[in-house]
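The structure under discussion appears below in the form of structure tokens.
The values are calculated or read from the model by the stated rules, or taken from the named source; none is laboratory data. None of the values given here were measured: they were computed from a predicted structure. Because the Cβ atoms are built from the backbone with ideal geometry, glycine has one as well, and the counts that use them run over all protein chains shown. Each accessible area value is taken on the protein alone, full model and side chains, heavy atoms only, with ligands, DNA and RNA left out. Shrake-Rupley method; radii C 1.70, N 1.55, O 1.52, S 1.80 Å.
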Amino acid sequence: MKRRHRVPLLLGALYQLGEVGILLGKTLRNIFRRPFEKRIFIQQIEEIGAGSLPVISLTAAFGGLVFALQTYIGFHRYIGVGSEAYGGPVISLSLVKELIPILVGLMVSGRVGSAMAAEIGTMRITEQVDALISLGADPNRYLVVPRTLASVLMLPCLTLYGDIIGIACAFVYSTVIMGVNRIIYLRNTLLYLEIWDVASGLIKAAVFGLLIAVIGCWQGLKTEGGAEGVGRATTRTVVIASITILIVNFFLSRALPSTI
Amino acid sequence: MIKIVDLHKSFGKTPVLRGVDLEIEAGETMVVIGQSGSGKSVLLKHLMGILKPDKGKIMIDGLEITRLGEEGLQRISRKFGMLFQSAALFDSLTVGENVSFGLERYTDYSPAEIGRIVAESLTEVGLEGIEGLMPYELSGGMRKRVGLARAIAYGPEIILYDEPSTGIDPIRADSINDLINDLKRDLRVTSVVITHDMVSSYKVADRIAMLYEGRIIEIGTPAEIQASSNPIIQQFIHGRARGPITDR
């Protein structure tokens, strides 16, 4: 009996994966086709980029602070007094390679991915997507391509911004509040943190941007059933995108070389 | 000429169209009547290529559109204009941008020419000077008329009307009927009108087709439909609560 339930569940998951794959393939193909919807692209750049700055500032700042706090405790307790200044590279490495890209990905999936699903979902149930087709506009080129491009471009920018905020907050906390030697902290950070560490975090962010936009648009385009359907699409977008980001992050961390 | 042959469409296990056959001549106004949920809007969306049939075919001027891919459908969509039941105006665009949407995609007109055509189209539906308003600032009837202005702005050969008089007061509804007739007379536009409104049907139709249980059960001129001996047609056109449709 249990086996009978498992098969449709697996088929359903494969079907949905296939749907996302088809949408992704179509979007990547359409990126190089004309006309390019510049106006929507710029709107989305503003919405994803400028609109996310406050939330990214807060999450990156407190992410950096808490990481500095725990690293200080760890070094102080297990290595010894005076070793805390060597925490700088550890904090910075963890922030730029893992914590900030993930925090930015999760925040943007909650803020922007859900908005994409809600906006496109509402357009779908009010026949606006059908109207696009009737007026000669391909919904993929008009709705999905500009959102995807904007998301892929803005996530690394937000991540770089978050890196700066997070590292700065961790530095201030460690040196000003906890009294760590700022010269040693800075020297060690600059010595051990490589450009590639930052770049690998930005590559991850670009992949997360692609996932968020494609999942949000996919859920929006398959919305059915009125306001309740729109609500379902937004919730699913946040859940699916967040889980996907965490899973993909692990595999990217494994796949990307630790140094080049 | 539009030719629909043995069109079938189901949603899940629910069959909606069960073998629709219909021919619409160039320049003709065909009104399709039927109960709510009988599949009239589904039929219209097949004509636009928005929905794909499970079986059957649709020919537009000899070209089978049901076999066309996305690129082919986009090319043929230039021939069509569609007024949606809910107007389907783009929320994020102004009225002017909504009306110019098709013009910008289908024509090479300059922005000044597009502005002029947008103003003319809005005047034709009785809404001068509202280009700068957003759709949420309009009443339901105004939205519908803007939707009509958008559908006619780029001069399509075939216009599909999904419930054009729903949500509009009777006087405005009659002016839309006049507009449908004007477009047919002046531009030889082929029209397919989906409606429940028998007054509108009699005024605009060259022929009326009744869709019932997924098939066209009768087709004829307004006079022929009014004189039909089919009790289903008689119950529907007279809007009787009792009869073969409801007694089943």
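Note on chain A: dipole from Cβ charges, positive end direction compared against A:88, A:258, A:10; the farthest Cα belongs to A:10.
Whole-Hz Karplus values for segment B:73-87 come out as 5, 4, 5, 6, 5, 4, 6, 9, x, 10, 9, 7, 4, 9, 6 Hz, taken residue by residue from phi with 6.51 cos²θ - 1.76 cosθ + 1.60 and θ = phi - 60°; glycine and proline positions read x.
What does the accessible area of residue B:134 come to, in Å² to the nearest 10, when a probe of 1.4 Å is used? Answer for residue B:134: close to 40 Å² accessible. Take each residue in B:83-96, count the other chain C-beta atoms within 10 Å of its C-beta, and the mean is 4. Relative to the longest principal axis of the Cα atoms of chain A, the long axis of helix A:226-255 lies at roughly 50 degrees.
Averaged over A:135-142, how many beta carbons belonging to a partner chain fall within 10 Å of each residue's beta carbon? Intermediate results must be reported in sequence, preceding the final value.
Values: counts 18, 13, 7, 4, 1, 1, 1, 3.
Counting Cβ atoms of other protein chains within 10 Å of each residue's Cβ and averaging gives 6.
Relative to the longest principal axis of the Cα atoms of chain A, the long axis of helix A:182-192 makes an angle of roughly 50 degrees.
For segment A:175-260, state which chymotrypsin sites (Phe, Trp or Tyr not before Pro) are in a DSSP loop and have at most 12 other beta carbons lying within 10 Å of their beta carbon.
Details: sites: A:185, A:192, A:196, A:208, A:218, A:250, A:251; in loops: none.
Taking segment A:175-260 and a limit of 12 other Cβ atoms within 10 Å, no loop chymotrypsin sites (Phe, Trp or Tyr not before Pro) are found.
For segment A:110-115, the Karplus equation 6.51 cos²θ - 1.76 cosθ + 1.60, evaluated at θ = phi - 60°, returns couplings of x, 8, 9, x, 5, 5 Hz by residue, with Gly and Pro reported as x. Here the alpha carbons of segment A:1-108 define both size measures, Rg and Dmax, at 22.4, 63 Å. A simple rule links phi to the HN-Hα coupling: the Karplus curve 6.51 cos²θ - 1.76 cosθ + 1.60 with θ = phi - 60°, which for segment A:149-161 gives 4, 4, 5, 5, 7, 7, 4, x, 4, 5, 5, 4, 4 Hz, with x for Gly and Pro. D by Stokes-Einstein for the protein assembly as shown, Kirkwood Rh over Cα pairs, 25 °C, 0.890 mPa s: 94 µm²/s. Summing Lys and Arg as +1 and Asp and Glu as -1 over all other residues whose Cβ lies under 15 Å from the Cβ of residue B:61 gives a net charge of +2.
Using C-alpha pairs under 8 Å with a sequence gap of at least 6, the mean separation divided by the residue count of chain A gives a relative contact order of 32 percent. Shielding by partners for peptide A:116-126, expressed as the average number of C-beta atoms from other protein chains within 10 Å of each residue's C-beta, is 1. Charged neighbours of residue A:33, selected by a Cβ distance under 15 Å, balance to +3 (K, R count +1; D, E count -1).
Pairs from the table (A:38/A:204; B:52/B:79; A:26/B:3; B:13/B:144; A:26/B:45; B:13/B:45) lying more than 27 angstrom apart at Cα are A:26/B:3; B:13/B:144. Taking label points 7 Å from Cα along the Cα-to-Cβ direction, residue B:169 and residue A:32 give a separation of 5.7 nm.
For the protein assembly as shown, the 222 nm mean residue ellipticity estimated from helices alone, with every DSSP H stretch of n ≥ 4 adding -39500 (n - 2.57) and the total spread over all residues, rounds to -18000 deg cm²/dmol. Less than 5 angstrom separates the built amide H of residue A:181 from those of A:85, all sequence-distant by 5 or more or on a different chain.
Once R0 is set to 45 Å, what does the formula 1/(1 + (r/R0)^6) return for the Cβ-Cβ distance between residue A:184 and residue B:68, expressed as a FRET efficiency to the nearest 0.05? According to the calculation, E is roughly 0.05.
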